[in-house]
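Working notes, beginning with the structure itself.
The values are calculated or read from the model by the stated rules, or taken from the named source; none is laboratory data. If you're wondering where the values come from, they're calculated on a predicted model, not measured in any experiment. Cβ placement follows ideal geometry from the backbone for every residue including glycine, while neighbour counts extend to all protein chains displayed. When the accessible area is computed, the model is the full protein with side chains, heavy atoms only, and any ligands, DNA or RNA have been set aside. Shrake-Rupley method; radii C 1.70, N 1.55, O 1.52, S 1.80 Å.
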Amino acid sequence: MFFTLFLSLRPMSLAGKTAVNDTAKQMLLDDYFLACLSREASLLGRKEVLTGKAKFGIFGDGKELAQIAMAKQFQNGDWRSGYYRDQTFMMAIGQLTVQQYFAALYAHTDTEKEPSSGGRQMGGHFSTRALDSNGNWKNVMEMKNSSSDISPTGGQMPRLLGLAQASKYYKANTALHSRTQFSNKGNEVAFGTIGDSSTSEGLFWETMNASAVLGVPMCMCVWDNGWGISVPKKYQTAKESISESLSGMQSEPGEGGIKIFKAKGWDYAELMLKFEQAVKHSRTHHQPVLIHVEELTQPQGHSTSGSHERYKTKELLEWYEEFDCIVQFGKFLTDKKVAKQEELDELRAKAKAQARAEQRTAWDEFRGQIQADVNAAIALLAAAGQSEAAASLKNNGEAIRKDVFEAIRKVLRTVRGQHSAEIQNIKNWLASAQERMHKAYSSELYSDRNDLDRSVSIQYASDAEMVDGRVVLRDFWDAKLAEMPEVLIFGEDVGKIGGVNQTCEGLQDKYGELRVTDTGIREATIVGQAIGLAMRGLRPVAEIQYLDYIYYALQIMRDDLASVRYRSAGGQMAPAIISTRGHRLEGIWHSGSPMGAIISSVRGMVVCVPRNMTQAAGMYNNLLKGNDPALVVECLNGYRKKEKMPSNLSEMVVPIGVAEVVKVGSDITVVSYGSTLHLCLNAADELASMGISVEVVDAQTLLPFDTTGVSASSVQKTNRLVVVDEDVEGGASAYLLDQIINKQGAFNYLDAQPITITSKPHLPAYSTDGDYFSKPSVDDIVEAIYAVMSEGNPARFPRI
Ligand SMILES: Cc1ncc(C[n+]2csc(CCOP(=O)(O)OP(=O)(O)O)c2C)c(N)n1
């Protein structure tokens, strides 16, 4: 439509005879106004930070026209995965008002006022709300959608791949065509935005390559202003041009690859044309496109931290003024006789006034809700005779909640031991305010945990067959793929051969290449695919071949997947399952052990460490019914161990966050998980022959850990605790110890010092001997447990 509009507009206006038609004129002036409004918001935003009303500012000035052009092609159901310069785009799609923009700058905690993140993210990190207030999916096809931004440069890329790939699944799988709340048969495009310097990140290249391999409707927009803070393009990009650098991936007619477009960031007509051509192509042919927008300016510099005059030349700054996209757009409009300069000046003045008015409202509302707490605290303190604290709060014209809490908590410390109705009132107020602050700053790390309590016991027929563990999983996935068209499994070697451990054997033949799929060797974007797919209502199961290689994806698991719900304050979710295998592998990069680093990084995800494949299947079943992202670590040495085939594979549900006593004992409690658990059971057998009765607890899940306190109850009985884990000391064992001793209160029941049995501090050496001398062995476990018993009763248990 816009392309056509321009074809008609150009000759008419160039001839200088005919007036531009009214619809076109109105659209052009609306665009001009929006560009001005967004610019005024940027200018004002910087002032707000520099005058101390907000902490940090990073703005979209200079990028206005390109984003308006992008928004013109963005349809309901489409998705954006972008970065902090995109305010104009968000305004243009109707998902951000100037007031909300300032509410985010001030960090307003009310999601009604600041829908992107409820003040959790710094300004410029945009997001739409795909979930309603009960945490249920909205109809995202009635909305223009933006996935929640993250700060690490290039971190938006892996997710973008999945957002685009979802369209491919929705198109190809007719069983999904009825899911009209998520897709119109795959007609949606995923739009990415990135700064030119951030294209230096590996994630960018990994995503571009994968998008071309997969053939997905992805429109990648590079906002190129030639700098990454103070570092110019010559240090960033080969050939100093991302479109030139990517030219090897450029598609020739009839081929796959990426279709590449270029446009100048100040040339409205060219931007409109190129965006229309590019997006139309991507939507129709499900092919990725790159739109390289060059010659963009950055009038106010990178951010409020420092000024760009330090590193940019006078000539460049003069060029910024001349080629400012709003200046050039104004010239275009006057040249083409769309508007007179006075009309444009009037629009600019109107934009300035509107930006100022919305900023003031945002500030008043932000201050208003804080001031209500300040006033309440002043009244309570005064009533309790704490006039000094009350006056100090009153005199602080811009007290924030931290000041309120500090004043109140200090007073409560001072009046400790005193009792009065007024002091009680302060305590009551503090308790309810703490609850509100918990909701504002600490809620939505996980979905409603109640849905993790579900449980359906595992059942066996009387003549149940003993099969390899991997067969249990294979048959489980077979059942799930049949039952749930939204389930997809992918990863390296998962498709054709059914996984390196054959847990998907034959399933590609049965369910097709799209649902059981091989991927390239690219862990970060495998996880990214899962994030984007899950955000669009699918249930991806992404396999990372071995636990140690999860490090390639750990950044994106931590920064993106684990934080989706939290950073959007419950506005989005990505219930993706990341499946891997680990524990007791042999070799430096095949150790399968570093659970501590993982569980410290992925709070917001569920982490399951099933001891066998039946437990794993029951956990997968649970996760597929829930709404949290999860990591499941299968035991590598369990695929060929025999397990009894359950009769209710598809229905059985292993509860999450519930530890299990797998061997009853009375002298000492051993808590472990995964493969090491089996060593503990072996050790327990030997210790029984030495007169020591060991109770063995399987943690089953590390996040959440033992929510019903099975471990502490066991210690209450045995009064002794050993934690066995094959991570380094201070890793997962330290986490388990903290949970059992401090959180569950097992400290009160101990008669002996609790110990941990862990691996050596280096990466575990290769080979069986390397393993024996690097990780805890049955011998180590037997002797360490025996030593605890010997310490308490050397007569009965003489030193070895
Ligand atoms: C992984 C990571 N490294 C460094 C930074 C700090 N940083 C923030 S923005 C930026 C420059 C980005 O430049 P570019 O991609 O060209 O975008 P622009 O800001 O110019 O639009 C840097 C280095 C970061 N946020 N994340």
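Here the relative contact order of the range 731-796, from alpha carbon pairs under 8 Å that lie six or more residues apart, stands at 26 percent. On the beta carbon distance between residue 345 and residue 311, with R0 = 56 Å, the FRET formula returns roughly 0.95. With every protein chain in place and a 1.4 angstrom probe, the accessible-area ranking of 442, 178, largest first, reads 178, 442.
Mind checking the log10 I(q)/I(0) for the range 390-485 at q = 0.10, 0.11, 0.12, 0.20 Å⁻¹? Debye, one equal scatterer per Cα, no solvent, two decimals. So the normalised log intensities work out to -0.58, -0.61, -0.64, -1.13. Under Stokes-Einstein, with the Kirkwood radius over Cα pairs standing in for Rh, what whole-number D in µm²/s applies to the range 107-174 at 25 °C and 0.890 mPa s? Using the Kirkwood radius from Cα pairs, D works out to 179 µm²/s. Listed by chain and number, the lysines whose alpha-carbon sits under 17 Å from that of residue 663, ignoring those within fewer than 8 places in the same chain, are 717. Over all other residues within a Cβ to Cβ distance under 13 Å of residue 34, the charged ones net out to +1, with Lys and Arg as +1 and Asp and Glu as -1.
The heavy atoms of residue 743 offer some 140 square angstrom of accessible surface to a 1.4 angstrom probe. Angle of helix 674-689 to the longest C-alpha principal axis of the chain, folded into 0 to 90 degrees and rounded to 10: 10°. Descending by average beta-carbon neighbour count within 10 Å, the peptides 410-418, 42-50, 158-166 line up as 158-166, 42-50, 410-418, the highest first.
Taking 45 Å as R0, compute the FRET efficiency from the Cβ-Cβ separation of residue 795 and residue 419 and round it to 0.05. For R0 = 45 Å, the calculated efficiency reads 0.25. Relative to a virtual label point 7 Å from the Cα of residue 588 in the Cα→beta-carbon direction, which members of the range 532-557 show backbone nitrogen distances below 19 Å? In the range 532-557, the label zone of residue 588 (backbone N under 19 Å from the point 7 Å along Cα→Cβ) covers 546-552. Summing charges over all other residues whose Cβ lies under 14 Å from the Cβ of residue 398, with Lys and Arg as +1 and Asp and Glu as -1, gives +2. Rolling a 1.4 Å probe over the protein heavy atoms gives the range 723-770 an accessible area of 53 Å² per residue.
Within the accessible surface of the range 562-606, defined with a 1.4 Å probe on protein heavy atoms only, the carbon and sulfur portion equals 59 percent. The shape of the range 318-427 comes out prolate: with a ≥ b ≥ c from the C-alpha gyration tensor, a/c is at least 1.5 and a/b beats b/c.
Placing +1 on the Cβ of every Lys and Arg and -1 on the Cβ of every Asp and Glu, with nothing else charged, gives the range 239-308 a dipole about its Cα centre of roughly 200 debye. The mean sequence separation of alpha-carbon pairs under 8 Å and at least six residues apart, normalised by the residue count of the chain, gives a relative contact order of 11 percent.
Highest mean packing first, where packing is the average number of other Cβ atoms within 10 Å per residue, the peptides 72-83, 25-36 line up as 72-83, 25-36.
Ignoring lysines fewer than eight residues from residue 394 along the same chain, the ones with Cα atoms less than 21 angstrom from its Cα are 53, 402, 410, 427. Considering every Cα-Cα pair within the range 413-469, what fraction, in whole percent, is farther apart than 19 Å? Every Cα pair in the range 413-469 considered, those over 19 Å come to 66 percent. The average projected area of the chain, computed from the convex hull of its Cα atoms over all directions, is 40.5 nm². Pairs exceeding 21 Å between alpha-carbon atoms, taken from 171/280; 113/350; 63/352; 259/496; 233/314; 233/262: 113/350; 259/496.
In this Cβ point-charge picture (+1 for Lys and Arg, -1 for Asp and Glu), the chain has a dipole of about 1840 debye about its Cα centre.
Lys and Arg at +1, Asp and Glu at -1: add these up for the other residues within a Cβ distance under 12 Å of residue 639 and post the number. Cβ neighbours under 12 Å give a net charge of +2.
Taking the square roots of 5 times each eigenvalue of the Cα gyration tensor of the range 492-650, largest first, gives ellipsoid semi-axes of 23, 19, 16 Å.
Using only alpha carbon pairs under 8 Å that are at least six residues apart, calculate the relative contact order of the range 381-506 and give it in whole percent. Relative contact order of the range 381-506: 15 percent.
With each label modelled as a point 7 angstrom along the Cα→C-beta vector, the residue 479-residue 693 pair spans 3.7 nm. Calculated FRET efficiency, residue 50 to residue 442, Cβ-Cβ distance, R0 = 45 Å: about 0.90 to the nearest 0.05.
Per-residue accessible area (protein heavy atoms, 1.4 Å probe) orders 268, 749, 446 as 749, 446, 268, starting from the largest. Nearest 10 degrees, 0 to 90: what angle lies between the long axis of helix 325-335 and the longest principal axis of the chain (Cα atoms)? Taking Cα atoms only, the helix is inclined about 30 degrees. Can you say what percent of the DSSP beta bridges in the range 108-245, counting only those with both residues inside, are antiparallel? Round to 5. If we restrict to bridges inside the range 108-245, about 35 percent are antiparallel. Assuming a ≥ b ≥ c are the square roots of the Cα gyration tensor eigenvalues, decide whether the range 237-342 counts as rounded (a/c under 1.5), prolate (otherwise, with a/b larger than b/c) or oblate. Since a/c reaches 1.5 but b/c is at least a/b, the shape of the range 237-342 is classed as oblate. Expressed to the nearest 5 percent, the antiparallel share of DSSP beta bridges inside the chain is 20 percent.
Could you tell me whether the range 206-288 comes out rounded, prolate or oblate from its Cα gyration tensor? Rule is a ≥ b ≥ c as square roots of the eigenvalues, rounded for a/c under 1.5, then prolate if a/b exceeds b/c, otherwise oblate. The shape class here is oblate.
Projecting the Cα positions of 622, 289, 683 onto the charge dipole of the chain (unit charges on Cβ atoms of Lys, Arg, Asp and Glu, taken about the Cα centre) puts 289 furthest along the positive direction. Heavy-atom accessible area, probed at 1.4 angstrom with all protein chains present, ranks 773, 56 as 773, 56, highest first. Protein heavy-atom surface of the range 344-388, 1.4 angstrom probe: 52% of the accessible area is carbon and sulfur, with nucleic acids and ligands not counted.
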